[in-house]
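Visitor: Next up is a structure, given as C-alpha cells.
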Amino acid sequence: MKRKNVVVLGATGSIGRSTAAVLRAHPEQFHVAGLVARSSLRELAAQAAEFHPDTVITTDPARLAELKAQLPADQPCAAGWEAVQELVTAPATDIVVCAIVGTGGLEPVIAALRAGKQVALASKEVLVMAGELIRRELDASPDGSIVPVDSEHSAIFQCLAGRGTPEVKQLWLTASGGPFRNWSAERIAAATLQDALAHPTWNMGPKVTIDSASLMNKALELVEAHHLFRIPPERLKVLIHPQSLIHSMVELCDGSFIAQMSKPDMRFAIQYALTWPERSAVGGLPQLDFSAGLHFDFQLPDRNRFPSLEFAEEAMRCGGTMPAVMNAANEVAVEKFRRGEIGFARIWAIIEATMHAHHPEPQRDLETIRNADAEARRFAEALQ
C-alpha cells in the first residue's frame, strides 16, 4: 500500500505534537511531506530530524536564517505563506493537517480544497470564521474533503457514516464542563488564570483550555458542526459529560442514539482523520478498562452561568460575518484575561458587547471576513 504524504500545519502546537505521535506509530502508512510552524523552531527542527520531511517551513520570513541554523545542511526549508500554499497544493501532497491557531489556516485550507486534497481540520477558526465560504469551496471542488480532528466532530463524523440526513434528528456535542462546572457565578467571576487552566480531563493548549472553562470552546464547536454537517442550529445540542468518555452522539429520527466512546486522547481523532476512510490497528492508544467500574454522568449546561452557547446560536442565526466577530472578540478577551487585565467573567461581557455592535455582512470573500475580524478586534481591545 502506498504511503500517504502528510503535511502538518502548526506542527509544534498541542495538536501538532499529537499528530507527530500518530505518525511516529505508523511509519509504514505515512510519509511526512512537510512541517510548518511559526515559532518553537527548536522543536520544529527536532521533528524534522526525526521525520526527514521533504521541506520545513516557518511562516515568519524573518526567522528563516534562525531555522536554517538548526537544521542539517541538506534539509530543504523555506519561509512565508507563499511557501505554505505551494506545499499544500503540491501534486504529491495527500493529506493536510491544519492545526494552526488563529486565522492563518484560512487560505491554506481553501487552497488545499481547491487542489482536491483531504484536509484533517483541527483549526476551529477556519469553519467558525468562513464556514459559508468553505461550504461553497467543497461544493465547487468535489475532490477536496474535510475530515474533522476535534474529538466531538470526529465522533459525529464516525456516527453519521452511511446515514442519510433524513435519519438524523439532532446532533449532541458533549462537553466536560471544564473546571468551573460546579462553581457558583460569584466564584467563577473571581477565578484566576491558574484556575481556568486546571482542566479536569483534557491536556490542551492554554487558549483552548480557557475556552473550555468558559464553554466558548463548545460555542465555537456548534458553529463548526453547523457547517461541517449542514445541520440547522436548532438541531444542535450540548450535553455536559464530565468523564469525557463519550465524545458526541447522533440522535436518530426513531429516538435511537449512536455514540462514539474512547479515552480522552486527541490521538484517536487524529489517527482516524489520517487513515479515513479506513481504520488502523491501535497504535499505542489508551484503552477503556471496563473492570474499573466506568460510569457516565450527563446534565444540560447552565446557560445563566455560561452564556457562551447563546452567543453561538446568535452568530449562527445572523450568519455572514457574525461568527468571525464572535471568534475575534473571544480571542481578544482571552488574551486580556491571560495578561491579568480583566476578570474571567468579563470574557463573556466583551464578546456580547462586540457582537451587539456589529452589523453582519455576507461572506463574500476572505477580505470581507478579515475586515470584520480586524474591526471586532479593535472594538474588543478598547473594552475593559
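The values are calculated or read from the model by the stated rules, or taken from the named source; none is laboratory data. Fair warning: this is a prediction, and the values are worked out from it, not measured in the lab. Neighbour counts are summed over all protein chains in view; Cβ atoms, including those assigned to glycine, are modelled from backbone coordinates with ideal geometry. These area figures cover heavy atoms from the full protein model, side chains too; ligands, DNA and RNA do not enter into them. Shrake-Rupley method; radii C 1.70, N 1.55, O 1.52, S 1.80 Å.
Visitor: For region 248-302, what log10 I(q)/I(0) values come out of the Debye formula at q = 0.12, 0.21 1/Å, with one point per alpha carbon and no solvent?
Guide: -0.43, -1.04
Visitor: What share of Cα pairs, in percent, lie more than 23 angstrom apart in region 51-199?
Guide: When all Cα pairs of region 51-199 are counted, 54 percent exceed 23 Å.
Visitor: Of 2/124; 207/237; 2/237; 237/336, which pairs sit farther than 32 Å apart, going by alpha carbon to alpha carbon?
Guide: As for pairs spanning more than 32 Å Cα to Cα, those are 2/237.
Visitor: Report Rg(Cα)/(2.2 N^0.38 Å) for region 127-208, keeping two decimals.
Guide: Compared with the compact-globule rule of thumb, region 127-208 sits at 1.52.
Visitor: A follow-up question, please. Quote the convex hull volume per residue of region 265-334, based on C-alpha atoms, as a whole number of Å³.
Guide: Normalising the Cα hull of region 265-334 by residue number yields 204 Å³.
Visitor: Additional query: Roughly how much of residue 322 is accessible, in Å² to the nearest 10, using a 1.4 Å probe?
Guide: It works out to around 10 Å².
Visitor: Given the Cα-Cα distance of residue 253 and residue 361 and 0.36 nm per residue of separation, how much length would full extension add, in nm?
Guide: 35.4 nm
Visitor: To continue, here is another question. If each Cα of region 12-70 is one equal point scatterer, what is log10 of I(q)/I(0) from the Debye formula at q = 0.21, 0.28, 0.29 Å⁻¹?
Guide: For region 12-70, the Cα-only Debye profile gives -0.77, -1.25, -1.32.
Visitor: Rg/Rh for region 54-110 to two decimals, with Rh computed the Kirkwood way over all alpha-carbon pairs.
Guide: Rg/Rh: 0.97.
Visitor: GluC sites (Glu not before Pro), restricted to region 253-330: which are DSSP loop and have at most 15 other Cβ atoms within 10 Å?
Guide: 278
Visitor: Also, quick follow-up: Under a 10 Å cutoff between Cα atoms, tell me which one of 370, 163, 230 has the largest fluctuation in the Gaussian network model of the chain.
Guide: Largest GNM mean-square fluctuation: 163.
Visitor: Which one, 168, 32, 84, has the greatest fluctuation when you compute a Gaussian network model over the chain with C-alpha springs under 10 angstrom?
Guide: Maximum fluctuation in the GNM of the chain, among the listed residues, is at 168.
Visitor: Distance between Cα centroids, region 202-233 to region 248-314: provide it in whole Å.
Guide: 13
Visitor: Continuing with the same structure: Quick check: convex hull over the Cα atoms of region 293-348, volume per residue in Å³, rounded to an integer?
Guide: Once divided by residue count, the hull of region 293-348 is 131 Å³.
Visitor: Using the Cβ atoms and a cut-off under 12 Å, what net charge is assigned to the surroundings of residue 70, where Lys and Arg are +1 and Asp and Glu are -1?
Guide: Here the count lands on +1.
Visitor: Past the 37 angstrom mark, what percentage of all C-alpha to C-alpha distances in the chain do you count?
Guide: 18
Visitor: To continue, here is another question. Calculate, axis by axis, the spread of Cα positions in region 1-116 along the three principal axes, and write the results as whole Å, longest axis first.
Guide: Over region 1-116, Cα extents along the principal axes are 36, 29, 26 Å.
Visitor: R0 = 25 Å: FRET efficiency of residue 190 with residue 297, Cβ-based, nearest 0.05?
Guide: Efficiency computed from Cβ-Cβ geometry: 0.45.
Visitor: Determine the sum of side-chain charges near residue 306: Lys and Arg each +1, Asp and Glu each -1, restricted to other residues whose C-beta is under 11 angstrom from that of residue 306.
Guide: +2
Visitor: Something else about it: Normalise the Cα radius of gyration of region 188-252 by 2.2 N^0.38 Å (N = residues in it) and let me know the number.
Guide: It is 1.26.
Visitor: Then there is this: With every protein chain present, what accessible area does residue 218 have (1.4 Å probe, heavy atoms only), rounded to the nearest 10 Å²?
Guide: 10
Visitor: While we're on this one: Any chance you could run the full-extension gain for residue 114 through residue 81? It's 0.36 nm times the residue separation minus the Cα-Cα distance, nm to one decimal.
Guide: Extra length from residue 114 to residue 81 when fully extended: 10.2 nm.
Visitor: Same structure, new question: If Lys and Arg each add +1 and Asp and Glu each add -1, what is the summed charge of the other residues whose beta carbon sits under 9 Å from the beta carbon of residue 336?
Guide: So the surrounding residues net to 0.
Visitor: Full-extension gain between residue 287 and residue 161, please, as 0.36 nm times their residue separation minus the C-alpha to C-alpha distance.
Guide: 43.1 nm
Visitor: Pull up the DSSP beta bridges for the chain and report the antiparallel fraction as a percent, rounded to 5.
Guide: 25
Visitor: Sort 355-368, 256-269 for me by packing, meaning the mean count of neighbouring Cβ atoms within 10 Å per residue, highest on top.
Guide: Averaged packing, sorted descending, gives the order 256-269, 355-368.
Visitor: Pairs of Cα atoms under 8 Å, at least six residues apart: use those to get the relative contact order of region 230-382, whole percent.
Guide: 20
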